[in-house]
Every structure is written in C-alpha cells, then in structure tokens.
Amino acid sequence: MAHKWTENDVPEQQDRLAVVTGANTGLGFETARVLAAHGASVVLAVRDVEKGKQAVARIAEIVPGARLSVLALDLASLESVRVAAAELRAAHPRVDLLINNAGLMYPPRQNTADGFELQFGTNHLGHFALTGLVLDLLLKTPNSRVVTVASLAHRFRGKIHFDDLQWEQSYDRVAAYGQSKLANLMFTYELQRRLTAHGANTIAVAAHPGGSNTELMRNSPAVIRWLAPAVAPLVTQSPAKGALPTLRAATDPGVLGGQYYGPDGLGEVRGHPRIVPSSNRSHDLAAQQRLWAVSEQLTGVTFEV
C-alpha cells in the first residue's frame with residue numbers, strides 16, 4: 001500500500017528560511033506551524049500585522065523556541081509588495097522556501113490599489129510580483145523552492161480572459177476565482193520552464209488543499225454558507241490536513257519542479273498528498289507565455305530567468 005504522507009514526514013528544516021504569505025490563518029498558519037516545528041525560521045507575510053503577531057504567539061505556544069517573524073504584505077498593493085520585498089532582502093541574505101499561499105475567494109467586485117480585479121490582482125499578480133522581486137535570494141540558495149497554492153477551482157470555468165482580465169465588462173466571482181487559480185498553475189509551469197533553461201537549482205511547484213474548511217469561504221454565495229454546516233464534513237478537511245500538499249511540495253526531497261500536489265481521495269477533495277493532474281488548459285504553452293508577458297507588463301516586475 002502506498003505510504004500516506006503526513007506532517008511527520010517533513011524532513012528537518014534547520015537553517016532554512018521559509019516565507020509564507022497569508023500565514024496568520026487557515027492553511028498558511030498550519031504550514032508555518034509545521035515548518036517551525038521542524039526547525040525552519042518562518043516569516044509570516046501578512047496583510048494585518050496585529051493578526052500576524054497573534055499567529056506568532058499561537059505557534060510559539062505549540063512550538064517552544066520557534067523562530068518566527070512578521071512581515072507586512074498586502075498583495076493587493078504593488079507598493080506594499082515592493083516594500084515587503086525590500087524588507088525581506090534587508091533582513092535575510094537567502095530564502096529557501098517562498099510559499100505563495102494567501103488568497104481570497106468570491107468577493108464582490110472590487111479593485112486592488114492598482115486597479116486590478118481583486119482576485120486576479122491578489123491571488124496571481126501580487127504573488128507574481130513578490131516572487132520576481134525576491135527571486136535572486138532563492139536563486140543563490142541551494143535546493144530552494146517556490147510553492148504556489150492553486151485550487152480545484154482552476155477547473156471550474158477556469159479560463160484566462162485575455163480580452164477582459166480585470167472583469168470590467170461583466171463580473172462573475174466564481175469564474176474570476178477560477179481564472180486566478182488557473183493563473184497560479186500557469187505561473188508555476190512557466191516559471192519552472194524558465195528556471196530549467198537558466199540552469200537554476202531552484203524549483204517551482206504547485207499544490208492545492210482539496211476542500212478545506214477555512215475562512216476563505218466567508219464570501220461564498222449565501223446558499224453555500226447555509227449548506228456548509230451540513231455539507232462541509234463530507235467535502236472538506238481540516239486546515240491542518242489541507243496544508244499537507246503544500247508542505248509536501250515544499251519539503252519532500254523527491255519533489256520535482258513543475259509537479260502539482262493535492263489530496264489522494266475521491267475527486268481530490270480530501271486525503272493525503274500525492275502528485276495530481278491539472279486541467280489541459282493549464283498546460284497551454286502559448287497561454288502561459290502570454291499570461292507571463294501580461295503579468296510583467298501589469299506589475300512592472302521582470303524576472304532574471
């Protein structure tokens with residue numbers, strides 16, 4: 001029988017620095033907790049610094065002696081992303097793990113500080129910019145990884161709407177979320193191709209949590225929120241379990257660049273992490289390259305690979 005990978009399988013992370021976006025709650029919190037428990041120094045990159053400090057206190061209670069710090073990062077503001085990247089560079093000569101975890105799902109139509117649709121701007125463009133701005137810290141760190149958290153939702157009406165990326169003509173929150181999560185996967189695949197061509201030993205990997213019972217659901221349509229107490233136990237798992245695909249992508253020595261990890265159960269909704277497939281659309285090379293070019297243009301961030 002195949003081995004069921006758990007947080008106990010995370011190798012020793014001593015002397016490694018991990019940056020986890022959205023680490024004050026849910027999947028990000030659990031990811032930070034486990035990495036800290038295995039010896040990593042963890043930077044909790046969060047929008048709300050006060051909540052970040054509370055998360056640090058909670059992890060420190062569970063993991064005495066944990067090495068933790070908080071970094072102010074609002075992915076919905078390119079200025080904030082640039083400031084955070086500069087602070088990271090000033091404080092740390094290297095980054096072993098960049099875990100692009102933060103995200104939001106199904107909000108009403110809103111714009112980021114830079115005028116991007118909020119889900120695309122936060123989930124994809126903010127992480128794209130952050131990765132590009134700290135990439136040199138990863139490139140000079142042996143066996144470093146960029147792990148980007150996607151979603152099963154990349155399959156649900158997930159399509160890159162190049163003719164209306166910011167949903168200005170009409171807004172569909174479900175399709176907009178699907179676009180942002182598809183973009184996360186396309187970003188991972190194109191980044192890996194560039195890293196390989198560059199001869200880098202940094203790898204780019206993606207993961208998804210399956211159905212995870214986290215605060216992400218707070219903007220769901222009313223009917224979903226109403227059904228959630230009855231249905232959630234059947235189609236979701238705890239944040240600790242949902243974080244396992246991210247943790248495996250980040251730490252398992254056998255992981256290869258460009259792989260995608262998710263739960264092994266029926267429909268990839270629950271279970272233990274394994275390599276999973278992504279949609280045919282996510283592997284569209286021309287669309288990946290076009291999305292990359294547009295993302296560089298929109299963020300003003302170019303990559304050295």
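The numbers here are math on the coordinates, done by the rules we state, and not lab data. Just so we're clear, the structure is a prediction, and the values are computed from it rather than from any experiment. Neighbour counts run over all protein chains shown; Cβ positions are idealised from the backbone, glycine included.
Before moving on, here are some points about what is shown:
- Counted charge near residue 82, where neighbours are those whose Cβ lies closer than 13 Å (Asp, Glu -1; Lys, Arg +1): -3
- Using the Cβ of residue 211 as centre and a radius below 11 Å, the other residues enclosed give a net charge of +1, where K and R count +1 and D and E count -1.
- Over segment 85-139, Cα pairs under 8 Å with separation of 6+ residues give a relative contact order of 45 percent.
- For the peptides 197-209, 250-262, 285-297, residues were scored by their other Cβ atoms within 10 Å and the scores averaged per peptide; the highest-first order is 197-209, 250-262, 285-297.
- Neighbour net charge for residue 255 - beta-carbon separation under 9 angstrom, K R +1, D E -1: +1
- Residue ranges 62-73, 41-52 sort as 41-52, 62-73 when ordered by packing (mean number of other C-beta atoms within 10 Å per residue, highest first).
- Convex hull (Cα only) mean projected area of the chain, reported in nm² to one decimal: 15.0 nm²
- Relative contact order [Cα under 8 Å, 6+ residues apart], segment 67-191, whole percent: 29 percent
- Each Cα pair under 8 Å and six or more residues apart adds its separation to the average, and for the chain the resulting relative contact order is 18 percent.
- Dipole axis of the chain (+1 Lys, Arg; -1 Asp, Glu on Cβ), positive-most option in 244, 76, 106: 244
- Dipole in debye (nearest 20) - segment 7-298, about Cα centre, beta carbon charges: Lys, Arg +1; Asp, Glu -1: 300 debye
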